[in-house]
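Below: the structure, in structure tokens.
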Amino acid sequence: MFIVADGYSFCTARGVLKPGAEIKESDFAEKETFQKKIKAKHIVEGKSEEQLIKEAKDKEAAAAVAKKEELARNVSAAKSVAETAEKALVDAKNTFAKKEKLPADNAERVAAVQAVEAATAALNEAEAKLEEAEKAAKEA
């Protein structure tokens, strides 16, 4: 594709063609004139403004799709972490249920209580991150 070079314009049957506008051999009365303008670098090969705008829009659309996919992956990962934390909490509670009858100062019972507390904190953190990821995905 040929376009009008920067700093030049041509008056044709299609109107005034400014820099960056697509120009064709048929815009000239003689083929030789068109070839001379190419040799003089008044007309160059390149992309028209319309094509550049279209490519920019396509690039923006692809970036938006990529961002949406990334947000979906973030939500999925956050759900996975939350599910894992939930399972860990259930396991910790089951362990505590077995140790609950031991005296309060028993090391195994204390460890079980600490495990439940840690699992609860991890689950709360994972759920907060999941909410953040879901909120970001909705906003996008």
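The values are calculated or read from the model by the stated rules, or taken from the named source; none is laboratory data. Bear in mind that the values here come from a model prediction, so they are computed numbers and not experimental data. All Cβ positions, even for glycine, are placed from backbone atoms using ideal geometry, and neighbour counts span all protein chains on display. These area figures cover heavy atoms from the full protein model, side chains too; ligands, DNA and RNA do not enter into them. Shrake-Rupley method; radii C 1.70, N 1.55, O 1.52, S 1.80 Å.
Tabulated data for the structure shown
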| read-out | value |
| --- | --- |
| Gap separating the Cα centres of the range 1-80 and the range 86-126, nearest whole Å | 64 |
| Dipole-positive endmost among T84, A40, A107 within the range 32-137 (Cβ charges, Cα centre) | A40 |
| Principal-axis tilt of helix 107-139 within the chain, Cα atoms, nearest 10 degrees | 20 |
| Trypsin sites (Lys or Arg not before Pro) within the range 27-136, DSSP loop, no more than 11 other Cβ atoms inside 10 Å | K41, K101 |
| Simple Cβ-charge dipole of the chain, Lys/Arg +1 and Asp/Glu -1, about Cα centre, in debye nearest 20 | 400 |
| Calculated from backbone phi, Karplus (6.51, -1.76, 1.60) coupling profile of the range 78-86 in Hz, x at Gly/Pro | 5, 5, 4, 5, 5, 5, 4, 5, 5 |
| Backbone N under 15 Å from the E55 label point (7 Å along Cα→Cβ), restricted to the range 1-41 | 1-4, 20-22 |
| Helical mean residue ellipticity (222 nm; -39500 (n - 2.57) per DSSP H run of 4+; nearest 500) of the chain | -24000 deg cm²/dmol |
| Candidates per GluC sites (Glu not before Pro) in the range 22-83, loop by DSSP, up to 11 other Cβ within 10 Å | E30 |
| Mean accessible surface per residue for the range 1-87, computed with a 1.4 Å probe while every protein chain stays in place, in Å² | 73 |
| The chain - percent of accessible surface contributed by carbon and sulfur, probe 1.4 Å | 54 |
| Charge-dipole axis of the chain as Lys and Arg at +1 and Asp and Glu at -1 on Cβ define it, positive-most pick from A61, P19, A137 | P19 |
| Matching label, Cα Rg over 2.2 N^0.38 Å computed from the structure shown, candidates (i) 1.31; (ii) 1.23; (iii) 2.34 | (iii) |
| Segment R73-A128, length gained on full extension (0.36 nm per residue, minus Cα span) | 18.2 nm |
| The range 4-43: C-alpha gyration tensor shape, a/c 1.5 cut-off, then a/b vs b/c | oblate |
| 20 Å cut-off, amide nitrogen to a point 7 angstrom out along A63 Cα→Cβ, residues in the range 116-140 | 136-140 |
